1. Under 6 Å by Cβ, and 6 or more places apart or on different chains, what pairs join a residue from segment 260-283 that is over 15 Å from A26 (Cβ atoms) and in contact (Cβ under 8 Å) with a residue 60 or more places away in the chain with one that is open to solvent by 10 Å² or more (accessible area, probe 1.4 Å) and charged (D, E, K, R)?
2. In segment 222-237, what residues are more than 8 Å from the ligand (Cβ to nearest atom), open to solvent by 10 Å² or more (accessible area, probe 1.4 Å) and touching a residue at least 60 places away in the same chain (Cβ under 8 Å)?
3. Consider only pairs whose beta carbons are under 8 Å apart and that are at least six residues apart or on different chains; among these, list those whose first residue lies in segment 9-20 and is of a type in the set (G, A, S) and whose second residue is not in a loop (DSSP other than H, G, I, E, B).
4. Looking at L101, L88 in this structure, which one is under 23 Å from L235 (Cβ atoms) and exposed (fewer than 15 other Cβ atoms within 10 Å of the Cβ)?
5. Restricting to segment 236-258, what's the tally of residues that are in a helix (DSSP H, G or I) and in contact with a strand residue (DSSP E or B) (Cβ under 7 Å, 6 or more places away or on another chain)?
6. Take the conditions at pLDDT below 95 and either surrounded by 14 or more Cβ atoms within 10 Å (Cβ to Cβ) or small (G, A, S) (or both) and apply them to P61. Does it pass?
7. Being open to solvent by 10 Å² or more (accessible area, probe 1.4 Å), more than 9 Å from the ligand (Cβ to nearest atom) and among the acidic types (D, E), is that true of even one residue in segment 273-290?
8. Test R18 against the criterion of being surrounded by 14 or more Cβ atoms within 10 Å (Cβ to Cβ), out of contact with any strand residue (DSSP E or B) (no Cβ under 8 Å at 6 or more places or on another chain) and within 16 Å of V266 (Cα to Cα), and give yes or no.
Amino acid sequence: MPRALPKPFAQLERGRIRLRFFHGDAIDILDRLSPGSIEAFVTSPPYNLGIRYRSYDDGRPRPEYLDWTGQWIQAVRRAMSDDGSLFLNVGAKPKDPWTALDVAQAVRPHLELQNIIHWVKSIAIEKDLAGARAGLKDDLAVGHYKPINSRRFLNDCHEFLFHFSKHGETPIDRQAVGVKYQDPSNITRWEKAGSGRRCRGNTWFLPYDTIQSRDEERPHPATFPWRLPAYCLRLHGTDRVRVAADPFLGLGSSAVACATLGISFVGIELDAHYLREAVARARRALDSKGSF
Ligand SMILES: C[S@@+](CC[C@H](N)C(=O)[O-])C[C@H]1O[C@@H](n2cnc3c(N)ncnc32)[C@H](O)[C@@H]1O
């Protein structure tokens with residue numbers, strides 16, 4: 001029997017939806033969840049790239065960091081249902097390009113790598129290459145990224161989103177994040193699919209919202225936009241998720257996604273300042289939804 005959960009830092013409820021927020025260490029709280037009780041994890045751990053968080057030291061020796069990664073992944077595995085999903089977002093930096101792949105390797109002994117998704121933060125598409133049907137009037141460059149001033153590195157406009165599962169056979173709902181068929185030559189496939197939608201593939205363009213003041217609107221050095229966890233949960237299948245979780249909650253993007261989609265949620269965060277902001281964001285998302 002796992003140890004009892006501590007009192008949540010905050011709990012939000014709306015109808016059958018319950019969002020619980022725990023202030024503490026990810027492994028400690030994960031170990032207290034009932035085994036198999038979480039259908040979908042969406043998370044982004046610290047990347048160990050020297051990012052300046054308020055409490056956490058993001059500059060541990062690499063072997064120690066990867067060993068810790070294996071430990072929290074095992075805690076996730078215990079809490080995950082048999083056909084659950086872990087969507088694991090990891091970035092890198094140009095001078096340390098192996099980070100994301102090293103993290104994926106640390107997960108490898110414990111979970112199957114089912115899909116690799118590229119979270120595209122910014123993209124440039126030439127009008128001519130998009131083709132006439134796209135209707136572009138000019139070349140397109142959209143999204144946000146941190147520009148790098150360098151003679152050898154490209155601007156970093158993507159991050160990895162690894163989809164892990166226990167057996168590599170977790171069913172997914174490709175149409176839930178699908179795109180409309182556009183090419184009339186695909187009409188037979190369109191009819192077969194029935195929904196008029198095809199699989200989006202594994203490149204997801206999900207830009208950050210445009211903000212005026214980072215300190216006020218996004219007071220955290222490494223967030224993902226809430227649509228990223230929302231896409232992950234829809235891909236897993238919202239009707240197959242009783243409870244989702246994010247053990248490294250930050251400003252609560254995963255909680256906002258769950259509040260928006262009507263999914264119960266467990267969030268864990270070491271830093272009380274980030275956690276307070278996460279709860280406030282989730283509350284706003286829940287309030288703007290009314291009832292489910
Ligand atoms: C990459 S950020 C997550 C950001 C989040 N996805 C968002 O959109 O806001 C990682 C977070 O993990 C937290 N953290 C670091 N070590 C932790 C631990 N052992 N347990 C729980 N949270 C931890 C950090 O404070 C940081 O906010």
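1. Here the result reads S264/R18; H273/R54, each pair linking segment 260-283 to a residue that is open to solvent by 10 Å² or more (accessible area, probe 1.4 Å) and charged (D, E, K, R).
2. R234, L235
3. Close Cβ pairs satisfying both conditions: A10/R20; A10/F21; A10/L275; A10/V279.
4. L101 is the lone residue from the list that is under 23 Å from L235 (Cβ atoms) and exposed (fewer than 15 other Cβ atoms within 10 Å of the Cβ).
5. The number of residues fulfilling the criteria is 5.
6. The answer is no for P61.
7. yes
8. Judged against the criteria, R18 is not a match.
The values are calculated or read from the model by the stated rules, or taken from the named source; none is laboratory data. Because the structure is a prediction, the values reported are computed rather than measured. Because the Cβ atoms are built from the backbone with ideal geometry, glycine has one as well, and the counts that use them run over all protein chains shown. Only protein heavy atoms, including side chains, enter the accessible area calculation; ligands, DNA and RNA are left aside. Shrake-Rupley method; radii C 1.70, N 1.55, O 1.52, S 1.80 Å.
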